[in-house]
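Right, one structure below, let's go through it.
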Amino acid sequence: MTAACDEARLTELASALGRDGMDELTKLFLRESRLRVQRLRQAAGSPTIIRAEAHQLHGAGAALGATGLAALAEQLATAARAGDTDCVLVLTNGVGTELDRVAAFLEHWTLPE
Amino acid sequence: VIARRILVVDDAPDLRLLDRLVLSAAEYEVSEAASGVEALDVLAEGPEFDAVVLDIQMPGMDGWETLEAIRVNPATASLPVVMCTVKDQARDALRAWQAGADEYLLKPFPIGRLVSVIHDVITRTDDERQQYRAKRVEILSRLPMGGPA
């Protein structure tokens, strides 16, 4: 299984933002992303909300190097646009699981010496 | 030395924070807006800004509408605007240049890229900005624009 986050991207971010900036960013990213997943789960039948939340997860995930999360979120937005409710349900669950994996990864990740 | 002021417009709080941290580290003074409407309010009421970093996909007034509103207002018509998106579509890039964007960034962009782009758009003259934009419209207009929007 591939890593939940791209370490090269995290290193680039941490080098530019410093330890405090990186801590602030990852905490806000995880808090916001959990809220996004929560809103996704409550938005069944509302493609507009699903697309908006999935779009944010795609952009924020990609920015933080969470490539798997970003890819799933992009697929979710596409499924919502196509009106594929079964696929939306499966991908929403997948996004939640992947976010847990990203959170666990970020919790233990440290900038290489 | 007076710090250059940048307005970051994005509905995602974590992406606004990322831009703010990156630009602040480069000694820009950064304000934030969470929507197109809020951005126009800040531009109307706040201090003068040197550039805007504008997300395209936002609920309500999106980046396209916000850019149009900026360009039709004489007070902000020549304000440099950098548009950002995760949509990797040549047609969106072409639309951005045609609508008056000064740069078009695909997310996620390398950290240093945002700083260098802001520096470039701020330091170009109005004539240079128009030439730069026209050149990109010319190049992108040659590309096939198929695929879903």
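The values are calculated or read from the model by the stated rules, or taken from the named source; none is laboratory data. Quick caveat: nothing in here was measured; it's all calculated off a predicted structure. Positions of Cβ are backbone-derived with ideal geometry, glycine not excepted, and every protein chain shown enters the neighbour counts. All accessible areas refer to the heavy atoms of the entire protein, side chains included, with ligands and DNA or RNA removed. Shrake-Rupley method; radii C 1.70, N 1.55, O 1.52, S 1.80 Å.
Rounded to the nearest 500, the helix-only mean residue ellipticity at 222 nm of chain B stands at -15000 deg cm²/dmol, with each DSSP H run of n ≥ 4 adding -39,500 (n - 2.57). Counting, for every residue in A:19-25, the Cβ atoms of other protein chains within 10 Å of its Cβ and taking the mean gives 3. Compared with the dominant Cα axis of chain B, that is its longest principal axis, helix B:36-45 is turned about 50°. The mean sequence distance of close C-alpha pairs (under 8 Å, at least 6 residues apart), as a share of the length of region B:1-69, puts its relative contact order at 39 percent. In order along region B:54-71, the Karplus-derived 3J(HN,Hα) couplings, from 6.51 cos²θ - 1.76 cosθ + 1.60 at θ = phi - 60°, round to 10, 6, 7, 8, 9, x, x, 6, 7, x, 5, 5, 5, 4, 4, 5, 5, 6 Hz, and Gly and Pro are given as x.
Here the sum of -39500 (n - 2.57) over DSSP H runs of 4 or more residues, divided by the residues of chain A, equals -29000 deg cm²/dmol at 222 nm, to the nearest 500. Over the protein assembly as shown, the pair-distance histogram of Cα-Cα distances with 5 Å bins from zero comes to 1, 6, 13, 16, 18, 17, 14, 9, 5, 1, 0, 0 percent, rounded to whole numbers. How are the Cα pair distances of region A:1-49 distributed, in percent, across 5 Å bins from 0? P(r) for region A:1-49, in whole percents per bin: 5, 18, 17, 18, 14, 13, 10, 5, 0.
In the context of the full protein assembly, B:Glu29 retains an accessible surface of approximately 80 Å², using a probe radius of 1.4 Å and ignoring ligands and nucleic acids.
With the dipole of region A:65-113 worked out from charges on the C-beta (+1 for Lys and Arg, -1 for Asp and Glu) around the Cα centre, which of A:Leu99, A:Gly83, A:Leu72 lies farthest toward the positive end? The listed residue farthest towards the positive side: A:Gly83. The Kirkwood radius of chain B, taken over pairs of alpha-carbon atoms, gives through the Stokes-Einstein law at 4 °C and 1.567 mPa s a diffusion coefficient of 84 µm² s⁻¹. Our summary gives region B:21-114 a relative contact order of 25 percent, counting only alpha carbon pairs under 8 angstrom and 6 or more residues apart.
With θ taken as phi - 60° and the Karplus curve 6.51 cos²θ - 1.76 cosθ + 1.60 applied, the whole-hertz 3J(HN,Hα) list for region B:113-125 is 5, 4, 5, 5, 5, 4, 4, 5, 5, 6, 8, 6, 6 Hz, x standing for glycine and proline. Partner shielding of A:50-62 amounts to 5, given as the average count of beta-carbon atoms from other chains within 10 Å of each residue beta-carbon.
Residues whose amide H falls under 5 Å from that of B:Val8, counting only those 5 or more places apart or on a different chain, are B:Ser31, B:Glu32, B:Ala33, B:Val53, with hydrogens built in the peptide plane. I'd like the residues of region B:1-35 whose 1.4 Å-probe accessible area shrinks by no less than 40 Å² going from the isolated chain to the full set of protein chains. Buried-area filter returns B:Pro13, B:Asp14, B:Leu15, B:Leu17, B:Leu18, B:Leu21. Using +1 at the C-beta of Lys and Arg and -1 at the C-beta of Asp and Glu, which of B:Thr66, B:Ala93, B:Ala39 has the Cα lying farthest in the positive direction of the dipole of region B:1-124? Of the options given, the answer is B:Ala93. Computed over the Cα atoms of chain A, the ratio of the radius of gyration to the Kirkwood radius (Rg/Rh) comes to 1.01. Once backbone amide H atoms are built at 1.01 Å from N, B:Leu105 has B:Met83, B:Cys84, B:Thr85 as its partners under 5 Å, excluding neighbours fewer than 5 places away on the same chain. Size estimate for region B:9-50 follows the Kirkwood approach: the inverse of mean 1/r over distinct Cα pairs works out to 10.7 Å. Applied to region A:55-62, the Karplus parametrisation 6.51 cos²θ - 1.76 cosθ + 1.60 on θ = phi - 60° returns per-residue 3J(HN,Hα) values of 4, 5, 5, 4, x, 5, x, 4 Hz, with x for Gly and Pro.
Debye-formula intensities of region A:50-104, expressed as log10 I(q)/I(0) at q = 0.15, 0.24, 0.29 Å⁻¹, are -0.34, -0.82, -1.11 (one equal scatterer per alpha-carbon, no solvent).
For the peptides B:49-60, B:122-133, A:8-19, B:16-27, the ranking by packing is B:49-60, B:16-27, A:8-19, B:122-133, with the highest mean count of neighbouring Cβ atoms within 10 Å listed first.
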